[in-house]
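Heads up: the structure comes next, in structure tokens.
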2 protein chains.
Amino acid sequence: MIPTLNDIYQAGNRIHPYIHRTPVLTCTSLNRKVGAQVFLKCENMQKVGAFKFRGACNAVFSLSKAEASRGVTTHSSGNHAQAIALAARMRGIPAYIVMPDNASEVKKATVAGYGGMITFCEPTLEARESTQKQVIRETGAVAIHPYNDYRIIAGQGTAAIELLQEVPDLDIILAPVGGGGLLSGTAIAATSLSPGIRVIGTEPLMADDAYRSLKAGKIIPSVNPQTIADGLRTSLGELTFPIIQQRVEKILTVSEAKIISAMKYIWERAKIIIEPSSAVAVGALWEHNSDFAGLRVGIILSGGNVDLERLPWSQKT
Amino acid sequence: MIPTLNDIYQAGNRIHPYIHRTPVLTCTSLNRKVGAQVFLKCENMQKVGAFKFRGACNAVFSLSKAEASRGVTTHSSGNHAQAIALAARMRGIPAYIVMPDNASEVKKATVAGYGGMITFCEPTLEARESTQKQVIRETGAVAIHPYNDYRIIAGQGTAAIELLQEVPDLDIILAPVGGGGLLSGTAIAATSLSPGIRVIGTEPLMADDAYRSLKAGKIIPSVNPQTIADGLRTSLGELTFPIIQQRVEKILTVSEAKIISAMKYIWERAKIIIEPSSAVAVGALWEHNSDFAGLRVGIILSGGNVDLERLPWSQKT
């Protein structure tokens, strides 16, 4: 069943003891630059450094005792893997993590640091899924998909509820879209709480499967997209797509150059670390500026996990 | 007259319309690492990216109309210069800024961006002072010293008042010490508000003039110190030293390696951008860990102005 606002409230109550209530920050120079009032919901400061911990926590703590005892498993490009590993540790159960071998060193080390047991695979969806099946055969662990799971979707929606509790009169909420867990959860929460609100997805132009899928009316997966926003390389899922079709106004795409400059701008002016996937939503403010003039815009800053030894503006030189 | 708590409250009222009330953040992994409850007062998110805006704003808005009409001038290694330039623009008066020619490009560009008129000089205190005298002869501007000024000291103390309003039961407040404006203002505010509180200064080992001055009972200036914490290369002033002698328990020194690793740790785990001068206070938690075990520690994170193209951990490779 598609989560309702009530399901998202219940998820919020379930995960409340484990998550951070993240701050909502503003940045005067950003407001001046875009001609809008922007409110940054700092999920980069969430545990494991990303909103993903909300959904993972909701899924892990929703399991029955019998299910949980066998452990959990997932395949992920990084933040979801960290999130599952930490949530499992908090519940005291094992986490078996299948990760693509091109995931960043920081992410691999952090998953291991949270006690996750990692199995590496090729960086394709097929390899991830077949490797995970093998893990499940060996351990009996419960699979928790990074986004195509209603418990995950409900958990991700809790960030929008917190944002709207703090800033009730938003005109628009922007969220990045990869697999669509955050965007669909945000859309259910926001449009249920504030019927007039507009929810807009933001996506790298180089991984614009959500944009194309909404236009086509069916899921059109990305094929090995090369965007720097590594959290957004995944394609929409069967569960997230219909929610997005129903509740999201549109998808705005953002060029790689704008993603990088938005990321650097937020580091320099708002003084917070955001990862490229978060910067996509900020970059949309610039690339599609006329959509936002004079409005009150909430942005879910999805995460802040960045390899500080390999920054995009240093690599350019 | 040495500022009283009341002077600091008055400064707070005076600058309230112009400054940010900055957030106080916590970081679970930092708390676990140091075995203390740490509260980070984020002056890196203050306007111009540093606490310096508080003092500058108090000084600029304390001027009589006649004084203000001639404009203001200062010599500074960066953040104070930006602060004076912006405060002057807010009051609608000119700011003449004397800067050492080795100040970072980011800081130069930002001062100019705030409308400050820059005169460059050699990076010595003597050159700064003689150049400023010349500017005053030419313009009649009022000099506002970066720290040796009671209006500045009172303004800087407002950060500690906000921190203690939010977290009243701190055992210790840590602040970095360069010229001593922040530390002396913090000490007046904190020891007046919470008589049992301990105020401790933190300083780079490579620029340990405050440590040596307190031991000697007289000001012993640093001579061309080479620390990465460029905001702390200045030496104590005649007005700040007696306040620190009276109200600060001690000065802890921190090695360059600990400053850099503390800075990177806060970026990675707390997801906020702090400059090396702020990292000195965090590094003290590690280098002098036994001082803090089990206590509630407030840290004034002094600023977040960093040249993102030249990070200390990239330069090492």
When both residues are 6+ apart or on different chains and their Cβ atoms are under 6 Å apart, which pairs have a first residue that lies in the stretch B:141-170 and is part of a helix (DSSP H, G or I), and a second that is open to solvent by 10 Å² or more (accessible area, probe 1.4 Å) and of a type in the set (Asp, Glu)?
-> B:ALA154/B:ASP7
The lone exception for A:GLY201 - which of (1) open to solvent by less than 70 Å² (accessible area, probe 1.4 Å); (2) farther than 25 Å from A:ASP169 by Cβ; (3) free of Cβ contacts under 8 Å to residues at least 60 places away in the same chain; (4) not in a loop (DSSP other than H, G, I, E, B) it fails = (2)
Is one or more of the residues making up the stretch B:219-230 free of Cβ contacts under 8 Å to residues at least 60 places away in the same chain and in contact with a Lys or Arg (Cβ under 6 Å, 6 or more places away or on another chain)?
-> yes
Close pairs from the stretch A:102-128: first free of Cβ contacts under 8 Å to residues at least 60 places away in the same chain, partner open to solvent by 40 Å² or more (accessible area, probe 1.4 Å) and part of a strand (DSSP E or B), Cβ under 6 Å, at least 6 apart | A:VAL111/A:ILE118; A:MET117/A:TYR96
Among (1) of a type in the set (D, E, K, R); (2) within 23 Å of A:LEU30 (Cα to Cα); (3) modelled with pLDDT of 95 or more; (4) not assigned by TED's automatic domain parsing to the domain that holds B:LEU182, the one test that B:LYS41 misses | (4)
Within the stretch A:143-168, restricting to residues that are closer than 24 Å to A:VAL72 by Cα and open to solvent by 20 Å² or more (accessible area, probe 1.4 Å), the one that is nearest to the chain's Cα centre (by Cα) is A:TYR147
How many residues, within the stretch B:221-231, are crowded, with 18+ Cβ neighbours inside 10 Å and outside any helix (DSSP H, G or I)?
-> 5
What helices (runs of 4 or more DSSP H) completely inside the stretch A:49-117 contain at least 1 residues that are modelled with pLDDT of 95 or more and either open to solvent by less than 40 Å² (accessible area, probe 1.4 Å) or of a type in the set (Phe, Trp, Tyr) (or both)?
-> A:52-62, A:65-69, A:79-91
Return yes or no: is A:ILE244 of a type in the set (Val, Ile, Thr), in contact with a Gly (Cβ under 9 Å, 6 or more places away or on another chain) and either buried (at least 24 other Cβ atoms within 10 Å of the Cβ) or not in a strand (DSSP E or B) (or both)?
-> yes
Only one residue in B:LEU308, B:LEU232 is over 20 Å from B:VAL34 (Cβ atoms), modelled with pLDDT under 95 and within 14 Å of another protein chain (Cβ to nearest Cβ), so which one is that?
-> B:LEU308
Can you name the residue in the stretch A:247-289 that is surrounded by fewer than 21 Cβ atoms within 10 Å (Cβ to Cβ) and in a loop (DSSP other than H, G, I, E, B) and is also nearest to the other protein chains (Cβ to nearest Cβ) among such residues?
-> A:SER255
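Given the residues A:LEU63, A:LEU30, which is the only one that is within 14 Å of chain B (Cβ to nearest Cβ) and of a type in the set (A, V, I, L, M, F, W, C)?
A:LEU30
The values are calculated or read from the model by the stated rules, or taken from the named source; none is laboratory data. If you're wondering where the values come from, they're calculated on a predicted model, not measured in any experiment. Glycine gets a Cβ as well: all are built from the backbone with ideal geometry, and neighbour counts include every protein chain shown. For accessibility, only protein heavy atoms count, side chains too; no ligands or nucleic acids. Shrake-Rupley method; radii C 1.70, N 1.55, O 1.52, S 1.80 Å.
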